[in-house]
Every structure is written in C-alpha cells, then in structure tokens.
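First comes the structure, then the notes that go with it.
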Amino acid sequence: MDGQGHSSELILVVEDDQALLKLIQRRLGDNGFHTDGVTSGASALRWLQEHSTRLMLLDYSLPDMMGEELLRQLEAKGLRVPFVVATGHGSETVAVEMMKRGARDYLIKGASFLKLLPTVVGQTLTQLDQERRLAEAEEELRRAHDELERRVQQRTAELAEANAKLRAEMEERRRAEERASQHQAELAHFARLSTVGEMVAELAHELNQPLAAISSYAQACARLLRSSREDSTEDLVASVRQVVEQAERAAEIIRRLRRFVKKGKPSRTALDLSVLVREIAAIVEVEARTVRVDLRFDLLEPCPPVMADRIQIEQVLINLIRNGLEAMRESQGGRRILTIETRVADGQHLEVAVHDQGVGIPPDMMKRVFERYFTTKPHGIGMGLPISRSIVESHGGRLGVTSDPQSGTTFRFHLPIFSEDRPSGP
C-alpha cells in the first residue's frame with residue numbers, strides 16, 4: 001500500500017472541482033492516507049490557521065485566487081506548508097515557478113493523474129520524514145556540540161582556577177622545583193579533548209618554575225653588575241650558571257612533553273621497566289609531596305626487558321600512580337607510602353605492582369573499576385583504567401586489582417619478558 005507508514009498523516013486537498021475533490025480523497029483514502037478537503041484559497045487559508053497538516057495537495061488555479069497568491073498569503077502569516085501542485089493547465093513555466101515557490105512535486109491532471117497521485121504523495125511524505133529525521137539528528141548533534149563546548153569551558157575554568165592556586169602556593173613557598181608534569185594523554189579517540197586541556201594547563205604550570213627562576217637569577221645578575229663590587233664576580237658567575245641550568249630544565253620539560261604527545265604509529269622497543277618507573281615517578285614527584293605521600297621503590301635492577309610502546313606504557317604507569325595518590329589524598333594521619341615494585345612472575349612475565357595505603361575500593365565497585373565512564377573522582381571521565389587495561393592487553397599482558405580496607409589497593413600488570421626466541425606480544 002502506498003500510504004503504509006503514513007496512515008496518521010493528514011493531507012489537505014485544495015481543489016475547486018467538487019467531483020474531482022471526492023475522487024482524490026477516495027483514491028488517497030484507499031491507499032491509507034487521511035485527508036480533508038477545501039474548494040477555495042480563502043477556505044484553505046482559514047483551515048491552515050486552525051489545523052496542521054503534513055502536506056497540501058494544491059490546485060494551481062482556484063476560483064478566488066491562483067496557487068501562488070495562496071502561498072504568498074500563507075507566507076505573510078508565517079505559515080510554511082509542504083505542498084504538491086496539481087493543475088489541469090500545466091506548462092513548463094508554471095512548473096518552474098511553483099518549484100521555485102517550494103513545491104515538492106508537480107502533477108498534471110491528465111489520464112494518469114489519479115493513478116500517480118498516491119505514489120507521489122507517499123514519496124513526498126517519505127522525503128519529508130527523512131528531512132525531519134535529518135533535522136532532528138542535526139539538532140541533536142548541535143546540542144551535543146554545545147554541551148561539549150560547555151563542559152570544555154567549565155573544565156578550562158576549573159583548570160585555570162587550579163593553576164592559579166598552584167602558582168600562589170609556588171610563590172609562597174619560593175621553591176623553584178615545585179612543579180611536575182601531570183601527563184594525561186588520552187590514547188582513545190573519545191575524551192581526548194579533556195585530556196589535552198589538562199596537559200596544556202600543566203605545561204604552563206611546569207614551565208613557570210624554571211622561567212621564574214631564570215627571571216630571579218637574571219635580576220640578581222643585574223643587581224650585581226650595578227653594585228660594581230670587587231667581590232661580586234663569584235656571585236655573578238653562580239647566578240649565570242643557575243640561569244643556564246634553569247633554561248636547560250625548561251628545555252627538558254618541553255622535550256619530555258613533546259615526546260609524550262607526539263603523534264605517530266605505535267612503536268615497540270625493548271624497555272627496562274624499572275628505569276621507566278623511576279622516570280615516571282619523577283614526573284609525579286611534586287604531586288606526591290603535595291598530598292604528603294612518599295614514593296617507595298622495590299625494583300629489579302637489572303630488569304629483564306619487555307617489548308612495548310614506551311608512550312603507552314608511560315600512560316599506564318601514570319594512570320596507576322596518580323590513582324594511588326588520589327586514593328590517599330583524603331586519608332587521615334601523617335605521610336603515606338605509595339610502593340612501586342617490579343619483579344619476575346612465573347618466569348615468563350614481568351610484573352609491575354602499584355600499592356597505595358588508601359581506604360580501598362568498596363566490594364560493590366570492584367567489578368566496575370575497569371568499566372568505561374565509571375569513576376569516583378569529582379571531575380574524572382572514567383577512562384584511565386579502561387584505557388590502561390586495553391593497552392596492557394594489546395601488549396599480550398593483563399591488568400588486575402586487589403583491594404582491602406585495612407591495607408589499601410594494589411594494581412598489577414604483567415607483560416611478557418622479551419627474548420629473541422619468543423615474541424613479546426601480539
């Protein structure tokens with residue numbers, strides 16, 4: 001049936017010939033369409049002001065006005081109704097003009113008019129449905145985009161506020177070394193924007209310390225030069241040396257961050273995870289001091305190599321270490337300990353364990369910690385642990401967790417030990 005799927009649609013038929021009007025309504029009704037009919041432009045105008053229709057079948061030549069005039073009056077009243085034109089005096093000029101006015105289709109009242117009518121009406125309604133769904137999808141996309149923009153602006157404001165607090169603390173303590181990179185590289189496509197925002201804020205924060213130190217030492221050099229003291233040479237040399245060291249420190253920060261966010265295909269090389277653990281620990285050292293956590297290491301040295309992508313394994317280590325620090329942030333008491341261990345497990349895998357002294361993970365949450373978007377952090381996005389597990393598994397390893405309210409939480413991941421005879425991963 002041509003009207004299948006459009007049985008609830010109401011079609012207004014505007015036709016001055018009463019007999020033809022009844023034939024049109026009967027033909028459309030037989031094909032599952034609901035119709036109402038009027039015989040003049042004025043009555044059509046009144047009807048459309050009081051009712052709604054999905055489609056109007058418009059006779060081009062009406063007794064009181066032409067179809068164009070009815071369309072102009074409707075437009076003047078702010079009414080836009082999809083319509084199909086039907087005329088017994090068809091010409092190419094009329095067809096072009098009505099198409100310009102927005103006609104969806106054009107029918108000549110000839111021998112095949114009633115036969116073609118249900119098909120044309122059905123196709124037009126289907127097209128309108130598709131346009132409506134497309135408009136709804138575009139509107140949904142626009143709303144999602146607006147929401148994303150709002151969340152980005154909100155997150156940016158929060159990062160700016162956090163950065164301002166850290167700057168104030170840095171100035172108050174006058175500790176040029178109080179800065180660490182908080183690498184957050186979202187390796188999956190979704191949530192990338194939030195992570196990039198965090199890295200930008202952290203970059204500005206970390207670079208501020210060596211730049212502030214350079215400024216301070218440069219001012220000291222200027223004062224020494226102005227003093228013209230004979231014994232100022234040694235102090236001047238020491239200040240210049242500090243400027244050089246702090247400049248190199250800033251350059252090293254930039255090099256490290258560029259390496260971490262560098263785009264490109266994953267590249268696996270033989271890695272010493274004990275060395276990598278110490279390098280990552282240096283990145284989070286300032287954050288650890290801020291929350292009064294001591295980093296302790298129990299590392300194999302030398303450590304059997306694993307074949308892995310350095311940036312991806314750095315992301316796993318950063319996620320697990322920062323989760324451990326976060327778990328102890330609100331703990332009562334003095335300093336806490338975060339222990340990082342590397343050891344050989346079962347003779348074929350290298351195990352990395354990160355153990356915190358937090359309150360542990362509630363039993364009802366243990367099964368959900370690796371779920372996407374599940375998080376207990378106020379501003380978390382719930383992607384760190386799922387991405388970490390995905391990275392480890394892509395390297396042929398596994399990531400798991402154990403937790404106890406008395407002793408804290410331990411995350412462990414295993415990677416195959418690399419050897420010439422056995423590949424390290426898939």
key: Lone unmet requirement of (1) touching a helix residue (DSSP H, G or I) at 6+ places or on another chain (Cβ under 9 Å); (2) modelled with pLDDT under 85 for residue 99   = (1)
ask   = Out of (1) in a helix (DSSP H, G or I); (2) touching an Asp or Glu at 6+ places or on another chain (Cβ under 9 Å), the odd one out for residue 12 is which?
value = (1)
request  = State yes or no: is residue 388 among the small types (Gly, Ala, Ser), part of a helix (DSSP H, G or I) and at pLDDT below 85?
outcome  = yes
message = I'd like to check which helices (runs of 4 or more DSSP H) are fully inside the range 31-138 and have at least 3 residues that are closer than 16 Å to residue 12 by Cα and among the aliphatic types (A, V, I, L, M).
response = 41-50, 67-76
key: Residues located in the range 301-326, provided they are surrounded by fewer than 19 Cβ atoms within 10 Å (Cβ to Cβ) and under 17 Å from residue 338 (Cα atoms)   = 326
query = Restricting attention to the range 387-400, does a residue exist that is crowded, with 18+ Cβ neighbours inside 10 Å, in the same structural domain as residue 368 (by TED's automatic domain parsing), among the small types (Gly, Ala, Ser) and touching a Lys or Arg at 6+ places or on another chain (Cβ under 9 Å)?
reply = no
request  = Can you give me the number of residues within the range 62-98 that are more than 22 Å from residue 42 (Cα to Cα) and surrounded by 13 or more Cβ atoms within 10 Å (Cβ to Cβ)?
outcome  = 2
task = Under 7 Å between Cβ atoms, at least 6 apart or on separate chains: pull out the pairs that start in the range 311-331 with a residue that is under 16 Å from residue 351 (Cα atoms) and end on any residue that is assigned to a helix (DSSP H, G or I) and of a type in the set (Phe, Trp, Tyr).
result = 314/260
query = Say we look at the range 41-61 and pick out the residues that are in contact (Cβ under 8 Å) with a residue 24 or more places away in the chain and of a type in the set (A, V, I, L, M, F, W, C); which of these is surrounded by the fewest Cβ atoms within 10 Å (Cβ to Cβ)?
reply = 47
query = Is there a residue in the range 116-123 that is at negative phi, within 39 Å of the chain's Cα centre (by Cα), surrounded by 11 or more Cβ atoms within 10 Å (Cβ to Cβ) and touching a residue at least 12 places away in the same chain (Cβ under 8 Å)?
reply = yes
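The values are calculated or read from the model by the stated rules, or taken from the named source; none is laboratory data. On a predicted model such as this, the values are computed, not experimentally measured, just so you know. Note: ideal-geometry Cβ built from the backbone for every residue, glycine included; neighbour counts use all protein chains shown.
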